[in-house]
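One structure is given here, and the rest of the page talks about it.
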Amino acid sequence: MDARTVLAHLREGIPLTEAQLHWFARGLATGEVSHVQGAAFAMGVCKGGMSAAEIVALTRAMRDSGDVLHWDLPGPVVDKHSTGGLGDATSLIVAPIAAALGAFVPMLSGRGLGHTGGTLDKLEAIPGVCTDVDEARLRAIVGQVGCAIVGATTEIAPADRILYSLRDQTSTVESRALITASILSKKLASGAQALVLDVKGGSGAFMKTRAEASALAESLVSTAKAAGCATRALITDMNQPLARSIGNAVEIAAVVQVLRDPRPESRLCRLSLALVGEMLALAGLYPTAAAGGRAALDVLQSGAAAERFAAMVHALGGPSDVVSDPERYLPSAPVICDVPALSAGHISGIDGEALGQVVLELGGGRLRPEDVPDPRVGLTDVLALGDAVVTTQPLARLHAADAASAERAIPVVQAAFQIGAATKPPPLIHGRVG
Ligand code: URA
């Protein structure tokens, strides 16, 4: 087998075989396939697409390019993935709920990507927490606590790590086939038996329309099922931030609030319950997603999920009492100020990507891969679609490292909100696939 033949077949539209894709993915991981050949592959797939069978084969091939974890635990191994949004810390609520209800969650998560936040950056806003653990420690935490949210080791799906970086450099991230194989190769390598996906569409998501989000959800669900993992996707709205806080420490504060005082009317709490309900039903622990969702609310209200979260934070090096005393630990920004509305009316539109960009520019994310996010900065008290507002009333509260960055951010936040006539906000969950 050689890379030129695989690339020639791709160029000519000759279907790639499972054996070719396995060889190519393994070659990317070992270096036998060069980065130039990997980049040509990414462009070829991006331009020509792939059949459903090829996407399944590529996903399996990338999964098998490194370690595949196998678990022997007294409950189902479950996982969750979100395609990325704003103010979305649901993983940090879903994982401890699932653990409290008898599932095991080895969740290999990512860092911030573009304007969207990363679960690991949020968790590491808690002083002492380090999500960079080896496989032995991951196994120990999952066994003892029931959930561990950590970074993927370099041995998990190494072909994806290389291909992802080549896609980033060659403007080929957008390919649905490559996104599907990239997301699922890592999830399948972590040994999940049941997987729930939150596929977001809207101004704050990578998929800007509901149609694009649905197409990605169909591709992810059918591929994961064909690769042997029970999977379901919710298609959810990202035309406004999920929570009223965007940033690292401020989103942990929002998570702690849900764990201490769950209010299903909050979008963050409601979506977490819906996702974990689907996950528990898929794993066979409850007969329906609705029954799983009710059990989830019970363990939130009883404090059992909060205990799992606290135990996970402690096992990752953080304090054991962050849930009971978050103000003691969560870092706060030196400059906190309101962003006043410039007119009166109702919030009729929110440019989510612009708000994400503000948090990025405040230092809360990464402009370059080597940047270290500032855990203190972000936005809180962000108004939601449909909220009434009068002139000078705050649209949001800004948390900045200094006065100059706050001043730069204020007009950008103001421009991100449209104020107009009262309109009905879009539903949080548009549909379900799988
Ligand atoms: N997340 C991933 O892991 N891969 C993609 O291609 C896109 C988002």
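The table that follows gives values for the structure above.
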quantity: Filtered residue count, segment 166-176, keeping only those that are in a helix (DSSP H, G or I) and away from the ligand (no atom under 11 Å from the Cβ); calculated: 2
quantity: Lone qualifier among V94, V145, V129 - being closer than 28 Å to R167 by Cβ and of a type in the set (V, I, T); calculated: V94
quantity: Selected residue (criterion: nearest to G365 (Cα to Cα)) from residues of segment 216-267 that are buried (at least 24 other Cβ atoms within 10 Å of the Cβ) and among the charged types (D, E, K, R); calculated: E251
quantity: Elements of type helices (runs of 4 or more DSSP H) contained in segment 207-326, each with 3 or more residues being of a type in the set (V, I, T); calculated: 249-260
quantity: Conditions (1) farther than 30 Å from S320 by Cα; (2) crowded, with 24+ Cβ neighbours inside 10 Å; (3) among the basic types (K, R); (4) more than 15 Å from the ligand (Cβ to nearest atom): number failed by R210; calculated: (2)
quantity: Among (1) within 15 Å of the ligand (Cβ to nearest atom); (2) of a type outside the set (F, W, Y); (3) surrounded by fewer than 24 Cβ atoms within 10 Å (Cβ to Cβ) - the single one A157 does not satisfy; calculated: (3)
quantity: Search result, residues across segment 341-374 that are part of a loop (DSSP other than H, G, I, E, B), surrounded by 24 or more Cβ atoms within 10 Å (Cβ to Cβ) and at pLDDT 95 or above; calculated: none
quantity: Residues (under 27 Å from the mean Cα position of the chain (by Cα) and either at pLDDT below 95 or surrounded by 13 or more Cβ atoms within 10 Å (Cβ to Cβ) (or both)) located in segment 411-423; calculated: V412, V413, Q414, A416, F417, Q418
quantity: Residue in segment 177-201 that is nearest to the ligand (Cβ to nearest atom), counting only those that are among the β-branched types (V, I, T) and in a strand (DSSP E or B); calculated: V199
quantity: Segment 137-165 - residue that is among the hydroxyl-bearing types (S, T, Y) and either assigned to a loop (DSSP other than H, G, I, E, B) or free of Cβ contacts under 8 Å to residues at least 12 places away in the same chain (or both) and, of those, farthest from L316 (Cα to Cα); calculated: S165
quantity: Residues of segment 164-177 classified as hydrophobic (A, V, I, L, M, F, W, C) and modelled with pLDDT under 95, total; calculated: 2
quantity: Failed condition for A136, given (1) touching a helix residue (DSSP H, G or I) at 6+ places or on another chain (Cβ under 8 Å); (2) more than 16 Å from the ligand (Cβ to nearest atom); (3) among the small types (G, A, S); calculated: (1)
quantity: Scan of segment 255-279 for residues that are small (G, A, S) and in contact (Cβ under 8 Å) with a residue 40 or more places away in the chain, ordered by number; calculated: S272, A274
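Residues are listed down the side, and each one gets a yes or a no for (1) modelled with pLDDT of 95 or more; (2) of a type in the set (S, T, Y):
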{"site": "T209", "(1), (2)": "no, yes"}
{"site": "S219", "(1), (2)": "yes, yes"}
{"site": "A230", "(1), (2)": "yes, no"}
{"site": "R244", "(1), (2)": "yes, no"}
{"site": "L259", "(1), (2)": "yes, no"}
{"site": "P262", "(1), (2)": "yes, no"}
{"site": "S272", "(1), (2)": "yes, yes"}
{"site": "V276", "(1), (2)": "yes, no"}
{"site": "L285", "(1), (2)": "yes, no"}
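The values are calculated or read from the model by the stated rules, or taken from the named source; none is laboratory data. These numbers come from a predicted model, not from an experiment. Using ideal geometry, Cβ is built from the backbone for each residue, glycine included, and neighbour counts are taken over all protein chains shown.
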